[in-house]
Amino acid sequence: MRSQDQLRDLIAAIVSAADPVQVDRERCDHVWTDPSAARVVVQARGGVIENVFTGLAGTAPAVACAGIRLIDDRTATLDLLDETDGGLICAVAAELEDHSLLRLAGGRLARGQVVLSVLADRIEAHADLPSYQAKTGADLDRGHLLSHDLRPPPAAPAGWAPTARVGFTATVTRAEVRTNSLTGLPFHWLRVRARPGIELDLAAGSAGLAGPPVPGSVVNGLGVLTGRLNLHPGDLPRRPGPARALLRRIRHRITLRQPRRPDG
């Protein structure tokens with residue numbers, strides 16, 4: 001966007017075409033999905049926009065996860081699990097499009113299923129895995145998804161928090177050139193397998209790749225990991241607000257102080 005006016009007009013167009021998801025009495029997520037799978041979630045509270053999330057309407061198989069914890073207004077950490085034995089594959093940080101609903105549930109879930117996508121800002125294609133290994137010298141790397149900022153660095157500044165930046169190496173299983181109908185810009189949409197048990201969708205700008213990679217080729221690069229837990233307002237335990245929590249404590253104290261009735 002070249003100006004604030006263009007940005008405002010774009011967001012207004014998105015909100016008018018979006019599907020509203022009522023999170024609670026004040027908050028509403030406006031979810032816009034393009035036929036290309038581009039997705040924007042405009043999060044509003046009391047009619048005022050608080051946040052805008054961009055990503056993909058991922059259709060890759062969901063990955064089992066555990067230890068889901070919201071760490072800021074869009075990012076969560078989670079452990080990805082092997083579906084067969086439940087073992088840990090890797091820990092990641094991802095920007096969640098339904099984080100408003102996760103916050104409604106208290107910001108934590110013990111277990112869930114997450115659909116993953118990557119918005120790549122750096123990407124390189126290789127003919128196959130041996131070509132990638134020969135060029136990079138990574139002879140043991142058969143695919144990975146690595147969160148770069150998951151652990152605090154030495155002498156981390158106050159307020160440090162994980163980010164959703166990831167490095168990836170993955171095998172392409174599908175590739176298409178799609179066009180965002182709202183902006184008119186083409187982009188590469190890929191379905192990739194980063195490692196056994198982890199498939200995800202990937203979006204890359206048309207300048208990043210000369211053409212669509214063929215299935216069986218390998219891509220590596222950097223980007224932002226995004227995800228969706230497929231949460232729904234009616235399925236989640238609601239965290240009581242301060243007023244409701246206070247009312248519960250008062251009722252509990254009144255109950256404890258009531259005299260017991262004699263038997264009979």
Handout entry: Matching option when the condition is farther than 29 Å from Gly211 by Cα and hydrophobic (A, V, I, L, M, F, W, C), among Ala93, Ala164
Key = Ala93
Exercise for the section: Mind telling me which of the residues Thr33, Thr59 ends up being under 18 Å from Leu231 (Cα atoms) and surrounded by 14 or more Cβ atoms within 10 Å (Cβ to Cβ)? Expected result: Thr33
Exercise for the section: Answer yes or no as to whether Glu176 is open to solvent by 60 Å² or more (accessible area, probe 1.4 Å) and within 29 Å of Pro130 (Cα to Cα). Expected result: yes
Handout entry: segment 172-195: number of residues that are outside any strand (DSSP E or B) and without any contact (Cβ under 8 Å) to a residue 40 or more places away in the chain
Key = 3
Exercise for the section: Starting from residues that are touching a residue at least 40 places away in the same chain (Cβ under 8 Å) and acidic (Asp, Glu), keep the ones in segment 83-106 and report whichever is farthest from Leu200 (Cα to Cα). Expected result: Asp98
Problem - Only one of Ser206, Ser181 that is out of contact with any strand residue (DSSP E or B) (no Cβ under 8 Å at 6 or more places or on another chain) and either surrounded by fewer than 22 Cβ atoms within 10 Å (Cβ to Cβ) or over 20 Å from Leu96 (Cα atoms) (or both) - result: Ser181
Fill in the blank from the handout: Over segment 98-116, the set of residues within 17 Å of Ala60 (Cα to Cα) and either open to solvent by less than 20 Å² (accessible area, probe 1.4 Å) or at pLDDT below 90 (or both) is Asp98, Val114, Val115, Leu116
Practice task
Give the residue that is nearest to the chain's Cα centre (by Cα), with candidates limited to residues of segment 132-168 that are among the basic types (Lys, Arg) and within 14 Å of Val219 (Cβ to Cβ).
Solution key: Arg142
Practice task
Write out, first by first residue and then by second, each pair whose Cβ atoms fall under 6 Å of each other, whose residues are 6+ apart or on separate chains, and whose first residue, in segment 197-218, is closer than 21 Å to Gly184 by Cβ while the second is open to solvent by 60 Å² or more (accessible area, probe 1.4 Å) and aliphatic (A, V, I, L, M).
Solution key: Pro212/Val177
Handout entry: Filter pass, Thr169 being part of a loop (DSSP other than H, G, I, E, B) and modelled with pLDDT of 85 or more
Key = no
Practice task
Out of Leu119, Leu80, Leu140, report the one residue that is open to solvent by 20 Å² or more (accessible area, probe 1.4 Å), outside any helix (DSSP H, G or I), in contact (Cβ under 8 Å) with a residue 60 or more places away in the chain and aliphatic (A, V, I, L, M).
Solution key: Leu119
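The values are calculated or read from the model by the stated rules, or taken from the named source; none is laboratory data. Source: prediction; values computed, not measured. Positions of Cβ are backbone-derived with ideal geometry, glycine not excepted, and every protein chain shown enters the neighbour counts. Quick note on the areas: whole protein, heavy atoms, side chains included, nothing else; ligands and nucleic acids left out. Shrake-Rupley method; radii C 1.70, N 1.55, O 1.52, S 1.80 Å.
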